[in-house]
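In what follows, a single structure is set out as structure tokens and then discussed.
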Protein chains: 2
Amino acid sequence: MAGHDRILYEVVGREDRRISPFCWRVRMALAHKGLECHFEPTRYTEKDKIAFSGQKLLPILVDFGEVVTDSWSIAKYIDENYYQERSLLLGGGTRFVSLWTDTQLQPVLARCIIKDLYDNLDPLDQEYFRVSREARYGKTIEEMHLERESNELNLKRVLTMIRELVRTQPFICGKAPAYADYIVFGAFQWARCVSPFKFLDDNDPIFAWRGRMIRQYGSLANTVPHYD
Amino acid sequence: MAGHDRILYEVVGREDRRISPFCWRVRMALAHKGLECHFEPTRYTEKDKIAFSGQKLLPILVDFGEVVTDSWSIAKYIDENYYQERSLLLGGGTRFVSLWTDTQLQPVLARCIIKDLYDNLDPLDQEYFRVSREARYGKTIEEMHLERESNELNLKRVLTMIRELVRTQPFICGKAPAYADYIVFGAFQWARCVSPFKFLDDNDPIFAWRGRMIRQYGSLANTVPHYD
């Protein structure tokens, strides 16, 4: 990675698809701060490539040689070290939004898109993904796919929380987006990078918010392969 | 109210019990900012007393003659007008925490304590409360009380979200409390002002957080009648 002052190691699937909600949180945060970055595609099973970080998870930020892991820690690092730019607003309830997204939104969304996610992996990663996810969810990928309809009902119930918020203000953080928006949008962008599954009506306030998020930072979210 | 520069009209029950989670949010926010205030007890049916505000809901803040209604608007007003003091951190995900507390935590907690709440009202307010709440929940107060056990299970499920947060950091907002903490604590303090119902184990991280919140600002939460 010589020649890059700042590198984000991101999970990649086939066709250069960027398939991690946590990596998207950081990508949006870097754009929020106006920070240039090289995005290094990393497959799930390329553990050797990230061994330097002393752990096995993505994203990993390398900023002028400093190695930072875990998306929340990376966001804090960026916010504290690049404080001249607009704050990511990590205080207040943002950690709560993170926990809600990790435990309520993403698991139920994962169940809806898991087969599409699997199909969009690099073939070299598919076996690892199948074994680890089927253990996590206690079901095969195909079984979860068959239950998409009931999972979609759960997803719609979970989304109620966000709908009310973006019905009355343009962004989750208020008049402008900040990290709480990137956390939730990370889940939506993850889905649209791997799946044509449509779970928002065009007249849903969440759909309009998602559109506003897609258009942020020169439509950053459209600069990678995605479905729409 | 002559002689008071700042007045918060609060819901009151029998024995001067302060029985509104929304009023507690504001009380804690005023303490956070170090602002002196007269707390004016107001019964649910004393609508004449607050007619000056042009609406029927509490809390109402009157700050040097300026009338502000709705707890979120009051918090914003305080934060913007008393910006010399530590911020309430209303940006980021705080609005999300507010919505979650309004729609997830408080309704299920209300079902658990509704009979105690009723019993702790001023008798002049009991008829109004019974009619409005039984219409809202579609059940009598006594029916809800009989279902406390199943409602308690729902409450414990909802509380999971906060537990994880305060297990890993002292306050919802991080190292120090701010408005997201006051929002959630408002619900707990509302409960302890009217009900002996114990739904937290002593070794629950939420119990420890609640203790930290009670001790804030000279144990403000203990300066009123409460159960413990």
Review point. So what's the back-of-envelope 222 nm ellipticity for chain A, counting only DSSP H runs of four-plus at -39500 (n - 2.57) apiece and dividing by all residues, rounded to 500?
Key: -15500 deg cm²/dmol
Check your understanding: Per residue of A:180-187, how many C-beta atoms from partner chains lie within 10 Å of its own C-beta, taken as a mean?
Key -> 2
**Study point:** Cβ-placed point charges (K, R +1; D, E -1), dipole of the protein assembly as shown about Cα centre in debye, nearest 20
**Key:** 60
**Study point:** Radius of gyration, Dmax [the stretch B:111-167; alpha carbons; angstrom]
**Key:** 13.9, 42
Exercise for review: Taking a probe of 1.4 Å and counting only protein heavy atoms, give the total accessible area buried between chains A and B in Å², rounded to the nearest 100.
Suggested key: 1700
Point to revise | Positive dipole terminus of the stretch B:1-83, leading residue within B:45, B:83, B:29 (C-beta point charges) | key: B:45
Check your understanding: In whole percent, how big is the carbon plus sulfur part of the accessible area of the stretch B:94-228, probe 1.4 Å, protein atoms only?
Key -> 52
Point to revise | Per residue solvent-accessible surface (Å²) - the stretch A:1-86, probe of 1.4 Å | key: 47
Review point. Counting only the backbone N, which residues of the stretch B:15-53 are under 15 Å from the spot 7 Å out from the Cα of residue B:64 toward its beta-carbon?
Key: B:35-37
Point to revise | the stretch B:1-93: chymotrypsin sites (Phe, Trp or Tyr not before Pro) falling in loop per DSSP and having at most 15 other Cβ within 10 Å | key: B:64, B:83
Check your understanding: If you average 1/r over every pair of different alpha-carbon atoms in the protein assembly as shown and take one over that average, what Kirkwood value in Å do you get?
Key -> 24.0
Check your understanding: Using the beta-carbon distance between residue A:142 and residue A:228 and R0 = 35 Å, what value does 1/(1 + (r/R0)^6) give for FRET efficiency, to the nearest 0.05?
Key -> 0.85
Review point. So which lysines can residue A:139 reach, going by Cα to Cα under 22 Å and dropping same-chain residues fewer than 8 places off?
Key: A:115, A:156
Review point. Using alpha carbon centroids, what distance separates the stretch B:166-215 and the stretch B:71-150, in Å?
Key: 15
Practice item. Please calculate the 1.4 Å probe accessible area of residue A:14, with all protein chains present, and give it to the nearest 10 Å². Key: 80
Review point. Put a point 7 Å out from Cα along the line to Cβ at residue B:169; what are the distances to that point in the other copies, in nm, shortest first?
Key: 1.8
Check your understanding: Rg(Cα) of the stretch B:94-218 divided by 2.2 N^0.38 Å?
Key -> 1.10
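The values are calculated or read from the model by the stated rules, or taken from the named source; none is laboratory data. On a predicted model such as this, the values are computed, not experimentally measured, just so you know. Quick reminder, even Gly has a Cβ in these numbers, built from the backbone with ideal geometry, and neighbours come from all protein chains shown. Keep in mind that these areas ignore ligands, DNA and RNA; they rest on the heavy atoms of the full protein, side chains included. Shrake-Rupley method; radii C 1.70, N 1.55, O 1.52, S 1.80 Å.
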